[in-house]
Amino acid sequence: MSEKKPPLLEVDDLSVTFSQRGRDPVEAVSEVSFTIGEGENVGIVGESGSGKSVTSMALMGLLPERGVTVGGSARYQGKDLLRMSRRELNRIRGTEIAMVFQDPMSSLNPVVTIGTQISEVIKRHNRVTSKQAADRSAELLDRVGIPDPRRRLSEYPHQLSGGIRQRVLIAIALACEPKLLIADEPTTALDVTIQAQILTQLRELVADFGTSLIMITHDLGVVAGLCDEVHVMYAGRIVESADRRPLFAQPRHPYTGGLLQSVPRLDSPRDEPLEPIPGSPTDTLPWSEGCAFQPRCSNAVDQCLQQTPRLEPDDGRLLRCFNPLEGGGRDR
Ligand SMILES: Nc1ncnc2c1ncn2[C@@H]1O[C@H](COP(=O)(O)OP(=O)(O)OP(=O)(O)O)[C@@H](O)[C@H]1O
Ligand code: SF4
Ligand SMILES: [Mg+2]
């Protein structure tokens, strides 16, 4: 019998606390555990402030060193990213693990051409001539769906549209053929048609490169056609983890149900209003006092204000809720 391969990344009980003088510490992330295997796509979904970016920044060692306490572990190929030396982490970052951020302008160098920026990454990781690096850069731009890639190589970031800039960032991230790509809201600023095109291309690219993908987004619609497994975060904690199909077919956590109600469906009438989740992410309780989602939850029962729900197995998924939803959701 063949031995089961260990996951590529195994995050266990990750927590991040910010301390500022004169203020109570802020536990931005807590009890976050998930794994991702080779070639798998995982989604982390939640509204603004739920701790998605802080989770990814902690994994990449990008949080400030002062005033931040990171707990738990994140074993990448067996080695804990959270305990690695700066040098080792720098080596892994950009070679084995790459990241794409929401704002391409702040991630691209405004005074260096696109071609040079991609070639630099290729040359850092491969012994190639400038000509070979330029050829490979054009090939990558073509792969991410940029027309006339040769011409684009000599252009500067400000000459490109938002959609093209985001594609360039994806090309740069993939230039080192990473084993893991963390994409943090990579298409949020773009219009829906461009967003859909980029997501389709991203799915094909990670499949071709054999790259595992962590897709971070506030929009469940983004993970619908892309991710095998989805972790839904609220107020710094995972509240539901499930395979994509059962999650969409039957959300169990009231927050997941709310997120799903606010995703437009292709088959619904155009004028059918979407139902946003009542209240805002700031209407939360501290987890120490009960369920953080209680102030916004239509399923709340007395227990929700007396006890903190734990993330527990529930019919093939993980769920943090005393009174989960029953009944159907939608097919994806
Ligand atoms: N440097 C910091 N100091 C104090 N608190 C912080 C700091 N950075 C983030 N936080 C807090 O951590 C929480 C999680 O923030 P995070 O950026 O991870 O949210 P997010 O889920 O990525 O949201 P968005 O969808 O807006 O990007 C927020 O409540 C935020 O206020
Ligand atoms: S634990 Fe209670 S308040 Fe929290 S989501 Fe479940 S039902 Fe709602
Ligand atoms: Mg964020």
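A few remarks follow.
- Within segment 304-325, considering residues that are touching a helix residue (DSSP H, G or I) at 6+ places or on another chain (Cβ under 9 Å) and over 22 Å from GLU289 (Cβ atoms), the one nearest to ligand 3 (Cβ to nearest atom): ARG317
- The listed residue being touching a strand residue (DSSP E or B) at 6+ places or on another chain (Cβ under 8 Å), assigned by TED's automatic domain parsing to the domain that holds ILE44 and under 30 Å from GLU47 (Cβ atoms), out of ALA173, ALA196, ALA183: ALA183
- Residues in segment 120-147 that are closer than 15 Å to PHE209 by Cα and of a type in the set (Lys, Arg): ARG136, ARG143.
- Checking the stated criteria, GLU31 turns out to be of a type in the set (Asp, Glu), closer than 27 Å to PRO251 by Cα, assigned to a strand (DSSP E or B) and touching a residue at least 40 places away in the same chain (Cβ under 8 Å).
- Residues located in segment 209-233, provided they are within 16 Å of ligand 2 (Cβ to nearest atom) and under 11 Å from LEU260 (Cβ atoms): VAL232
- Scan of segment 33-52 for residues that are within 14 Å of ligand 3 (Cβ to nearest atom) and among the hydrophobic types (A, V, I, L, M, F, W, C), ordered by number: ILE44, VAL45
- Some residue of segment 259-267 being modelled with pLDDT of 95 or more, aliphatic (A, V, I, L, M) and assigned to a loop (DSSP other than H, G, I, E, B): no
- When we screen SER137, SER85 for residues that are modelled with pLDDT of 95 or more and either away from ligand 3 (no atom under 16 Å from the Cβ) or outside the structural domain of PRO7 (by TED's automatic domain parsing) (or both), the only hit is SER137.
- Residue that is farthest from ligand 2 (Cβ to nearest atom) [pool: residues in segment 273-311 that are under 23 Å from ASP219 (Cβ atoms) and small (Gly, Ala, Ser)]: SER280
- Matching residues, segment 51-72, being under 12 Å from the mean Cα position of the chain (by Cα), small (Gly, Ala, Ser) and more than 16 Å from LEU89 (Cβ to Cβ): GLY51, SER53
- Test: residue in segment 3-13 that is modelled with pLDDT of 95 or more, surrounded by fewer than 20 Cβ atoms within 10 Å (Cβ to Cβ), assigned to a helix (DSSP H, G or I) and in contact with a Gly (Cβ under 8 Å, 6 or more places away or on another chain): no
- Selection status of ASP148, at positive phi and of a type in the set (Asp, Glu): yes
- The set of residues from segment 57-94 being surrounded by 19 or more Cβ atoms within 10 Å (Cβ to Cβ) and of a type in the set (Ser, Thr, Tyr) comprises just one member, TYR76.
- The lone exception for ALA98 - which of (1) closer than 24 Å to ASP12 by Cβ; (2) part of a helix (DSSP H, G or I) it fails: (2)
- Within segment 219-235, tally of residues that are under 19 Å from LEU59 (Cα atoms) and within 16 Å of ligand 1 (Cβ to nearest atom): 6
Rundown of residues vs (1) farther than 19 Å from LEU213 by Cβ; (2) part of a loop (DSSP other than H, G, I, E, B), yes/no style:
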{"site": "SER15", "(1), (2)": "yes, no"}
{"site": "GLY39", "(1), (2)": "no, yes"}
{"site": "THR55", "(1), (2)": "no, no"}
{"site": "PRO64", "(1), (2)": "yes, yes"}
{"site": "VAL70", "(1), (2)": "yes, no"}
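- Residues that are part of a loop (DSSP other than H, G, I, E, B) and more than 17 Å from VAL144 (Cβ to Cβ), drawn from segment 109-133: ASN109, PRO110, VAL111, VAL112, ASN126, ARG127, VAL128, THR129
The values are calculated or read from the model by the stated rules, or taken from the named source; none is laboratory data. Everything quoted here is computed from the prediction, not taken from an experiment. Cβ atoms come from the backbone with ideal geometry, glycine included; neighbour counts cover every protein chain shown.
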